[in-house]
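The values are calculated or read from the model by the stated rules, or taken from the named source; none is laboratory data. Remember, it's a predicted structure, so these values are computed and weren't measured experimentally. Because the Cβ atoms are built from the backbone with ideal geometry, glycine has one as well, and the counts that use them run over all protein chains shown. For the accessible areas, the whole protein counts, side chains as well, though only heavy atoms, and no ligand, DNA or RNA atoms are used. Shrake-Rupley method; radii C 1.70, N 1.55, O 1.52, S 1.80 Å.
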Amino acid sequence: MSLPEEDLTCPVCCDIFTDPVLLSCSHSFCRICLKRCWETGMRECPICRKKVSKTCPPSNLALKNVCEAVVEAKRKSIAVEDLNSCCLHGEKLKLFCLVDKQPICVVCQSSKLHKTHDCSPIEEAVLDCKDELSISLKSLQDKLEEFKRIHRTSADLFAYIKSQSEDAQKVIKSQFEELHQILKQEECARLAAVKKEEQEKIARMKDKIKELSAEVLCLTETIALIQQELKEEDMLLLRNFKDTHDRSKSIPLGSDMMGALVDVTKHLSNLKYRVWEKMLDHIDYTPVTLDPNTAHPCLILSDDLTSLHYSRQALSCPDNPERFHMSAEVVGMSSLGSGSHHWTVETESNRDWLLGVASLSVPRNCEVSARPENGFWTLCFRDGEFLAMASPPVSLTLDKLPKQIKVELDYNKGTVSFSDAVGDTLIYAFAHTFTEALFPYFYTQSSHPLRIMPQKVLVTMLRH
């Protein structure tokens, strides 16, 4: 039961008690009021004049708590009254402006500011606003849960990014080591060829020098003989003339030195180009590579991103939005938005696959049928049956089981066709007007791999 306000009023200041103290006579006063009374006279009760022995009377805690509660209630009452009243006109707020989204009074409604605005009663507006805020609250709570989920997985995401980087660096180093080995072997072969020609040319020169030395000795002897003959008597000279003359004619002139030098041009002409051209025999070019960031956790991709197979043991992958979460699917790295493209997939002993193209916007967090209306143009092989995944699917009868499927996309013409790569025999073709980018698409639940076949690289020289 609440006390009347006059029972909570100080007899001195006639206001609600502030820090009340209790005298021995049971009367209460504000501490500061009592102190002022005692400063002007004796220490006695201002009401009953009974003398007080204590200089510092005790606080009346019970009365203090009651007074503070009353003051707080009055403050709130005033605040509520102010809250329910129009700050411009002092009238009670009975309407809610649906345009400005604020409570107004009847005077405000008649003013120029709100005259043309739709309004509703405060009671209806409260219910409508609560409904809207409830919807907003639910949306924000869902966002909060999503942010919390992302925050929880961020540490795993950091670790996965680091693992991706380390794996990519290992593959890069491995492939460059192979290239370095090829270059090293080619370097050794070409250095050996130069050394071999050097040794052959030196051996040939040594033989030539020996031959020339013998010819020089023979010529020296013949010259000396002729000089001696020239000193002889005339008749003796004539008698020996034929033999001397024949000997001088029988000495052949030494052969020329053509081809004696190392054929530097043969070894150095377009060296870098010829080495690069030869390296093409050791390098594969794959027109389509797989995007590991889109692969379902149960798909295992090769290091060079050209083959995939299914594993029941799912990999630990982040839940990124690009990834297929529901089905064992993956798409190629590059989007195809114009022109013509083709690639060949080796299926071999894989008996459960879908191949083709998929639109950029296909859902990746739910399972949908691989049909054109869902953004898929695919060929399917499952349970020994070939199906073109049209709407409805078309069963295909083939003379033999293809081991390599060629996929051809002509974006501008709007066709996707599938052929047996070995005989280049058409299996099925889709026709559609494409309106968004497409990606090479792969699906399998087989442990046997699907492999994208490399293409031969041809070098064409542009001549002016």
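Okay, here's what the table says:
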{"item": "Matching residues in the stretch 311-341 - criterion: being part of a strand (DSSP E or B) and surrounded by 17 or more Cβ atoms within 10 Å (Cβ to Cβ)", "result": "GLU329, VAL330, VAL331, GLY332, LEU336, HIS341"}
{"item": "Some residue of the stretch 38-49 being free of Cβ contacts under 8 Å to residues at least 40 places away in the same chain, open to solvent by less than 70 Å² (accessible area, probe 1.4 Å) and assigned to a helix (DSSP H, G or I)", "result": "yes"}
{"item": "Of the criteria (1) at pLDDT below 95; (2) in a strand (DSSP E or B), which one ASP399 fails", "result": "(2)"}
{"item": "Selection status of LEU387, out of contact with any Phe, Trp or Tyr (no Cβ under 8 Å at 6 or more places or on another chain) and either within 17 Å of TRP353 (Cα to Cα) or not in a loop (DSSP other than H, G, I, E, B) (or both)", "result": "no"}
{"item": "The stretch 271-301: number of residues that are surrounded by 15 or more Cβ atoms within 10 Å (Cβ to Cβ) and assigned to a loop (DSSP other than H, G, I, E, B)", "result": "9"}
{"item": "Among (1) outside any loop (DSSP other than H, G, I, E, B); (2) of a type in the set (A, V, I, L, M); (3) under 30 Å from GLN109 (Cβ atoms) - the single one VAL21 does not satisfy", "result": "(3)"}
{"item": "Residue pairs meeting the criteria (Cβ under 7 Å; at least 6 apart or on separate chains; first farther than 11 Å from LEU183 by Cα and touching a residue at least 24 places away in the same chain (Cβ under 8 Å), in the stretch 267-279; second open to solvent by less than 70 Å² (accessible area, probe 1.4 Å) and not in a helix (DSSP H, G or I))", "result": "GLU277/VAL459"}
{"item": "Some residue of the stretch 162-181 being over 27 Å from LEU315 (Cα atoms) and open to solvent by less than 80 Å² (accessible area, probe 1.4 Å)", "result": "yes"}
{"item": "Of all residues in the stretch 347-368 being crowded, with 16+ Cβ neighbours inside 10 Å and of a type in the set (D, E, K, R), the one that is modelled with the lowest pLDDT", "result": "ARG364"}
{"item": "The stretch 376-402 residues that are open to solvent by 30 Å² or more (accessible area, probe 1.4 Å), paired with ones that are part of a loop (DSSP other than H, G, I, E, B) (beta carbon under 6 Å, 6 or more apart)", "result": "LEU387/PRO393; SER391/ARG371"}
{"item": "Which numbered condition PRO372 fails, given (1) open to solvent by 20 Å² or more (accessible area, probe 1.4 Å); (2) within 26 Å of the chain's Cα centre (by Cα)", "result": "(2)"}
{"item": "Filter result for the condition that a residue is open to solvent by less than 40 Å² (accessible area, probe 1.4 Å) and among the hydroxyl-bearing types (Ser, Thr, Tyr), over THR344, THR265", "result": "THR344"}
{"item": "Selection count, the stretch 1-17, where residues are modelled with pLDDT of 90 or more and in contact with a Lys or Arg (Cβ under 8 Å, 6 or more places away or on another chain)", "result": "1"}
{"item": "Inter-residue pairs, beta-carbon under 6 Å, first within 19 Å of ALA431 (Cα to Cα) and in the stretch 341-365, second surrounded by fewer than 18 Cβ atoms within 10 Å (Cβ to Cβ), 6+ apart", "result": "HIS342/GLU408; TRP343/PRO287; SER359/GLU436; LEU360/GLU436; LEU360/ALA437"}
{"item": "VAL407 being within 23 Å of THR306 (Cα to Cα), in a loop (DSSP other than H, G, I, E, B), out of contact with any helix residue (DSSP H, G or I) (no Cβ under 7 Å at 6 or more places or on another chain) and among the β-branched types (Val, Ile, Thr)", "result": "no"}
{"item": "Residues satisfying the stated conditions in the stretch 410-452, i.e. crowded, with 18+ Cβ neighbours inside 10 Å and basic (Lys, Arg)", "result": "ARG451"}
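To keep it simple, each residue is scored yes or no on (1) open to solvent by less than 90 Å² (accessible area, probe 1.4 Å); (2) of a type in the set (Val, Ile, Thr); (3) assigned to a helix (DSSP H, G or I).
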position: GLN185; (1), (2), (3): no, no, yes
position: ALA189; (1), (2), (3): yes, no, yes
position: GLU197; (1), (2), (3): yes, no, yes
position: ILE202; (1), (2), (3): yes, yes, yes
position: SER213; (1), (2), (3): yes, no, yes
position: GLN227; (1), (2), (3): no, no, yes
